[in-house]
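For reference, the structure is listed below as structure tokens.
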Amino acid sequence: MATVLVASNRGPVSYVLGEDGSLDTRRGGGGLVSGLSAVSSQDSVWVCAALGEGDREAVRRGVGEPGVRMLDIDPDVYADAYNGIANSVLWFLHHHLYDVPREPVYDAEFRRRWESYRAYNRAFAQALAAAADEGAAVLVQDYHLALVPGQLRELRPDLRIAHFTHTPWASPEYLRMLPDDIREELLWGMLGADELGFHTSAWAGAFAAGANVEGTGTRVAVHPLGVDAEELRALAYRPAVDERLAELRAEVGDRKTIVRVDRTELSKNILRGLLAYRELLTTRPEWRGRVVHLASAYPSRQDLEVYRAYTTAVAALAEEINAEFGTEDWTPVLVSVKDDFTRSLAAYRLADVALVNPVRDGMNLVAKEIPVVSEQGCALVLSREAGAYEELGEDALTVNPFDVSQTAEALHTALTMPPSERADRTKRLATASTALPPQRWFLNQLEALGNPT
């Protein structure tokens, strides 16, 4: 039994099944892992889903890390809940990504998948109810588990429950696209919590505008997750990163750099970022041969066709720009379409300009990470639709993410920013970015529930 519980789709550890039947343990990182370390492992339990065959085999064998409980959910139920609802419906709703003349279509197949989403959430609620001490604090994470607070409240009314949404929240108009009964169930699930956390006041306000919060006993709060500066700098200055930085410097030479690091996620707006860079080279020919765009694009959700097509389009557009402007000794775009965190950290250190232009983003930690580790200071070109804009907008060059021409002009302004101004802005950006590091972010939410530890 535990006094502090965390629930999330992905846990802090995963298992890989070897050909000989052995299980290899892989430990994860990130804000939640760091945050939970602030409480005693003897008093905490992390409930998560078994995501692959290795995880499921570990559950079957009874192998596990202390304080971690994996749920072996039927793979078909999981696929429907995770890809069919969480990533194909809720993600698209909250990020306003639908091609409205064609989608969404809420039909019998959608409702069948919603039943799986409900069952997936119920498995978490039941596991949490079984593992929690009387009056324990439960922190439920993200849109995958939006029904858990309501379901858990029915099972264990004594518990103190928080839910944190790491994405934006859909505007009331967008949320009304959902079938009425499904929208009501979604809001019922969320309002089972004592506190609902969001990264920004904009997302908290969107929820409050689309839900009848008054009289429910649910508080809506803002906890903007920040960066652990010490941990990030330690990662960024490892020997492996030094080696990759030397390789990038050899490719870039003495040219200026525009850096972006994203998953190939539709909301990240990588294509318009590349179009803005192409327009910069077209309208400001003085930058030809004098700047390199370092783009890291981690393939994301490649089991969904729309994401595979988007990833292909990113690589193709980068090739077009290189073909149009490149010379024998200058490649305008150096794009890496693979998961390469070491390269990303090296690019952070090399950045003169950071380009973060999502169409809609819950936070975007890249906007916070680059100013913390950039060696010479960087100018941040930032979308006003990124959650990070609320904290960083004053010292960034703000852009409308749909306005390619404005973004191109902002890139020019960033590249020509005087070094002293760039250094001053970077210092203020780094201070704001590290104001609420993961441990503090986590503890603030526990304290809001009445931290029992």
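The values are calculated or read from the model by the stated rules, or taken from the named source; none is laboratory data. Note that this is a predicted model, so its numbers are computed, not measured. Please note: Cβ atoms are built from the backbone with ideal geometry, for glycine as well, and neighbour counts cover all protein chains shown. The accessibility values were calculated without ligands, DNA or RNA, using every heavy atom of the protein model including side chains. Shrake-Rupley method; radii C 1.70, N 1.55, O 1.52, S 1.80 Å.
Assess whether residue 416 counts as being more than 30 Å from residue 98 (Cα to Cα), β-branched (Val, Ile, Thr), without any contact (Cβ under 8 Å) to a residue 40 or more places away in the chain and out of contact with any Lys or Arg (no Cβ under 7 Å at 6 or more places or on another chain). Yes. Report, by residue number, each residue of region 281-317 that is closer than 30 Å to residue 83 by Cβ and free of Cβ contacts under 8 Å to residues at least 12 places away in the same chain. Result: 302, 305, 308, 309, 312, 316. Taken together, the residues in region 122-142 that are surrounded by fewer than 24 Cβ atoms within 10 Å (Cβ to Cβ) and outside any strand (DSSP E or B) amount to 8.
Only one residue in 353, 366 is in contact (Cβ under 8 Å) with a residue 40 or more places away in the chain, of a type in the set (A, V, I, L, M, F, W, C) and open to solvent by 10 Å² or more (accessible area, probe 1.4 Å). Which one?
366
Against the criterion of being among the aliphatic types (A, V, I, L, M), out of contact with any Cys (no Cβ under 8 Å at 6 or more places or on another chain) and in contact (Cβ under 8 Å) with a residue 60 or more places away in the chain, residue 132 qualifies.
In region 227-247 there is at least one residue that is under 17 Å from residue 365 (Cα atoms), touching a Pro at 6+ places or on another chain (Cβ under 9 Å) and assigned to a loop (DSSP other than H, G, I, E, B). A single entry from 79, 86, 58 fulfils the requirement of being surrounded by fewer than 16 Cβ atoms within 10 Å (Cβ to Cβ) and either in contact (Cβ under 8 Å) with a residue 60 or more places away in the chain or not acidic (Asp, Glu) (or both): 79.
You will find that of 438, 401, 371, the residue that is in contact (Cβ under 8 Å) with a residue 12 or more places away in the chain, over 17 Å from residue 260 (Cα atoms) and either buried (at least 23 other Cβ atoms within 10 Å of the Cβ) or under 18 Å from the mean Cα position of the chain (by Cα) (or both) is 438 and no other. Just to be sure before I move on: is residue 317 under 25 Å from the mean Cα position of the chain (by Cα) and not in a helix (DSSP H, G or I) in the structure I sent? The answer is no for residue 317. Restricting to region 260-312, count the residues that are closer than 24 Å to residue 384 by Cβ and in a helix (DSSP H, G or I). Matching residues across region 260-312 total 16.
Within region 1-25, residues that are closer than 21 Å to residue 147 by Cβ have Cβ atoms under 8 Å from residues that are surrounded by 18 or more Cβ atoms within 10 Å (Cβ to Cβ) and among the charged types (D, E, K, R) in these pairs: 8/142; 9/142, counting only partners at least 6 apart in sequence or on another chain. Can you give me the number of residues within region 324-340 that are within 27 Å of residue 265 (Cα to Cα) and part of a strand (DSSP E or B)? Result for region 324-340: 4. Among the residues of region 165-187, how many are surrounded by 24 or more Cβ atoms within 10 Å (Cβ to Cβ) and among the aromatic types (Phe, Trp, Tyr)? Selection size over region 165-187: 1.
Just one residue in the set 215, 197, 205, 189 is farther than 21 Å from residue 372 by Cβ and modelled with pLDDT under 95; that residue is 215.
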